[in-house]
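The values are calculated or read from the model by the stated rules, or taken from the named source; none is laboratory data. Everything numeric here is computed off the predicted structure, so don't read it as measured data. For neighbour counting, all protein chains shown are included, and Cβ atoms are generated from backbone atoms with ideal geometry for every residue, glycine included. Only protein heavy atoms, including side chains, enter the accessible area calculation; ligands, DNA and RNA are left aside. Shrake-Rupley method; radii C 1.70, N 1.55, O 1.52, S 1.80 Å.
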Amino acid sequence: MNEIHASLDALFQGENLTFLGVVSLDVQEDFLAYRRWLEDGKHAEMHFLENHQELRADPSTLLPGAKSAVLFGLRYDQGDERQTEEPRVAQYARFADYHRVLREKGERIVEACGWENARVLVDSAPLLERALAAKSERGFIGKNTCYIHPTKGSLILLGEILTTAELEFDKKVPVDPTVHDRHGGCGACKECQVHCPTGALNEAYQIDSSLCLAYWTIENRGPIPEKFWPWLGEYYFGCDICQLVCPYNLKVRDYSLPREIKVRTYPPLFEIATMDQKQYENYFGGTPMTRAKRNGLRRNALIAMRVKNDPKLEEALALAEQDAESPIAETIRQVRAYESLLPSVSSLA
């Protein structure tokens with residue numbers, strides 16, 4: 001680690017963040033793979049991912065004159081176990097908006113470094129951030145399509161600082177994905193593929209969003225196909241399973257979060273299924289949960305209640321019928337007709 005990198009490492013540690021490295025902005029090979037993924041329709045109905053391809057192909061267009069990206073991250077692992085009795089939300093969605101917190105921390109780093117022309121990005125621009133992170137000295141893209149750090153795992157929220165400053169790039173440690181060693185690589189491990197309940201990871205290093213529980217519970221705005229319903233009894237917003245079973249995460253036992261990040265407790269499913277707009281804002285305002293919108297969360301809660309045979313389901317349905325905009329009306333109809341609670345995983349794969 002050179003002097004500048006050592007200084008950056010100390011600055012990020014002072015912000016309770018992890019300095020991942022300094023990399024070039026060349027992502028051409030990764031962009032071609034991304035475009036093939038789009039052409040194969042693996043992005044489901046997320047057509048916004050087709051936009052701004054010129055920016056994804058060349059990150060320097062996000063900051064004229066940018067020469068490098070400084071990568072940093074926040075570990076957000078809260079020690080979840082694979083099995084759960086009650087439906088839960090993905091770990092990243094359990095606290096207030098991390099985008100603002102990480103952006104403010106990144107801006108303090110920029111000020112401390114005296115970079116006059118820099119831009120802090122935290123999932124706020126069309127950027128192939130995992131591809132950039134994988135260019136850093138340590139780390140790789142795993143079979144679950146996540147960026148994985150060999151000693152810190154994959155439960156990391158990524159941030160980037162694009163800058164026009166002349167910085168020395170990381171000397172990348174080559175990672176052979178077919179071999180598992182101290183530098184990384186998945187090798188023969190297929191834990192994420194085996195445990196993905198819906199078959200979204202059947203093809204290694206590729207995710208089929210149309211089979212992903214996170215897509216259906218967050219991005220999808222319509223009804224959820226019934227074949228996915230059983231797993232809403234585990235996650236009613238997002239899904240962490242492919243990360244919880246990853247050996248790289250299992251060996252990390254650091255569950256500390258910066259003091260600015262406060263883990264929140266969300267209301268019971270009944271209250272979510274029946275909430276009005278004001279309650280929705282009180283419960284979820286300022287959190288990643290708003291990505292699913294009010295009716296998306298109500299839909300998810302009703303399904304989870306049905307799967308878990310919640311004794312308050314009928315009461316929830318009666319109240320939901322009084323405010324049954326799409327997709328609630330169709331979900332109510334599905335819930336009343338739903339009988340087969342546990343189809344086999346093999347039926348989805």
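As a fraction of the 1.4 Å probe accessible area of the stretch 1-95, surface on carbon and sulfur atoms comes out at 48 percent.
Couplings 3J(HN,Hα) of the stretch 225-232, computed from phi: x, 5, 5, 8, 4, x, 8, 6 Hz, in residue order, whole Hz [Karplus 6.51 cos²θ - 1.76 cosθ + 1.60, θ = phi - 60°; x for Gly and Pro]. Each Cα pair under 8 Å and six or more residues apart adds its sequence gap; the mean of these over the residue count of the chain is a relative contact order of 20 percent. The label point for Lys227 and the one for Lys172, both projected 7 Å from the Cα toward the Cβ, are 3.7 nm apart. Binning all Cα-Cα separations of the stretch 261-343 at 10 Å, short to long from zero, yields these whole-percent fractions: 18, 51, 25, 5, 0.
Judged by the mean number of other Cβ atoms found within 10 Å, the most tightly packed of the peptides 31-44, 113-126 leads the ranking 113-126, 31-44. Between 0 and 90 degrees, the angle of helix 328-337 with respect to the longest Cα principal axis of the chain falls at about 60 degrees.
Checking the a/c ratio against 1.5 first, then a/b against b/c, what shape does the Cα gyration tensor give for the stretch 144-223? Oblate, since a/c reaches 1.5 and b/c is not below a/b. The 3J(HN,Hα) values that the Karplus relation (6.51, -1.76, 1.60; θ = phi - 60°) gives for the stretch 155-162 are, in residue order, 7, 10, 7, 9, x, 9, 10, 7 Hz. Gly and Pro appear as x.
At a probe radius of 1.4 angstrom, the accessible area of the chain per residue rounds to 46 square angstrom.
Relative to the longest principal axis of the Cα atoms of the chain, the long axis of helix 28-39 makes an angle of roughly 20 degrees.
Excluding residues fewer than 8 places away in the same chain, name every one of the lysines whose C-alpha is closer than 19 Å to that of Lys42. By straight Cα distance, Lys42 reaches Lys143, Lys227.
For the stretch 89-214, the Cβ-based charge dipole about the Cα centre amounts to some 320 debye (Lys, Arg positive; Asp, Glu negative; other atoms uncharged). Summed over qualifying helices (DSSP H, 4 residues or more, each -39500 (n - 2.57)) and divided by its residue number, the chain shows a 222 nm mean residue ellipticity of -8500 deg cm²/dmol. Net charge dipole, the chain: roughly 480 debye, given to the nearest 20, about the Cα centre with Cβ charges of +1 for Lys and Arg and -1 for Asp and Glu. Shape class of the stretch 22-146 from the Cα gyration tensor (axes a ≥ b ≥ c, square roots of the eigenvalues): oblate, since a/c reaches 1.5 or more and a/b does not exceed b/c.
When the chain is treated as a GNM with alpha-carbon contacts under 10 Å, the residue of Gly233, Gly222, Gly199 showing the greatest mean-square fluctuation is Gly222. How much FRET efficiency would the formula 1/(1 + (r/R0)^6) give for Ala337 and Asp9, where r is the Cβ-Cβ distance and R0 is 56 Å, rounded to 0.05? Efficiency, rounded to the nearest 0.05: 0.45. Taken as Cα centroids, the stretch 199-272 and the stretch 126-184 sit 22 Å apart, rounded to the nearest whole angstrom.
The computed volume of the Cα convex hull per residue in Å³ for the structure shown corresponds, within (i) 165; (ii) 136; (iii) 148, to (ii).
Shape of the stretch 94-196 from the C-alpha gyration tensor: oblate (a/c of 1.5 or more and a/b not above b/c, with a ≥ b ≥ c the square roots of its eigenvalues).
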